[in-house]
Structure formats: C-alpha cells, structure tokens
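Here the structure comes first, spelled out in structure tokens, and everything after it is commentary.
The values are calculated or read from the model by the stated rules, or taken from the named source; none is laboratory data. From a predicted model like this one, the values you see are computed outputs, not experimental measurements. Glycine gets a Cβ as well: all are built from the backbone with ideal geometry, and neighbour counts include every protein chain shown. Areas reflect the complete protein model, heavy atoms only, side chains present, ligands, DNA and RNA absent. Shrake-Rupley method; radii C 1.70, N 1.55, O 1.52, S 1.80 Å.
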Amino acid sequence: MNTLIHNNNNEYNHSLTIEELYSELINCTSKSSGPDDIPYIFIKTLSKYTLNKLLANYNLIWTHGNFPNQ
C-alpha cells in the first residue's frame, strides 16, 4: 500500500459526497476503462446502494491515506 499523509483541514481533503460522485458520473463522457480496467459505464449503472458502498470505500482510502498498489 502506498501511504499519503495530508492535512484533513483543507477543503479538498474532505470526504466526497454522494452528490459529488453522481455529478462526476453524469458528466463523465469517457468510454475507456481506467487503470483498474473497469469502464465508467459499469460504474454509472450500479445501484444507489452499491454506489454508496463504493463511495464509502473511496472515502476510507482517501481519509486514511492508504492507496492500493496498482
């Protein structure tokens, strides 16, 4: 795991909200996969429940500064 120490007092370090995730998914026009080989269209079609779970994982990674190795 890669570890990143950051100052959580900065606004850009706050946890992401579900509204921010929805906004980014709606505005994303890319059809190609990211480095994880998961296409955006797959993420866009996840249920609200699953998106909330995914967001919780993103926020855990972000707030603890532990990023998975690629």
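The peptide list 24-32, 53-61, 41-49, put in order of mean Cβ contacts within 10 Å with the highest first, becomes 53-61, 41-49, 24-32. If a spin label sat at a point 7 angstrom from the Cα of S15 along the line to its beta carbon, the backbone N atoms of the stretch 31-59 nearer than 15 Å would be those of 51-59.
Counted over the stretch 8-70 with a bin width of 10 Å, the fraction of Cα pairs per bin, in whole percents, is 19, 49, 31, 2. With both labels modelled 7 Å from their Cα along Cα-to-Cβ, the K53 to E24 distance reads 2.0 nm. As an exercise, use a Förster radius of 25 Å and the Cβ-Cβ distance of L46 and F67 to find the FRET efficiency, rounded to the nearest 0.05. For R0 = 25 Å, the calculated efficiency reads 0.70.
Could you please state how large a percent of the accessible area of the stretch 10-64 is carbon and sulfur, counting protein chains only and using a 1.4 Å probe?
So the carbon and sulfur contribution to the accessible surface is 60 percent.
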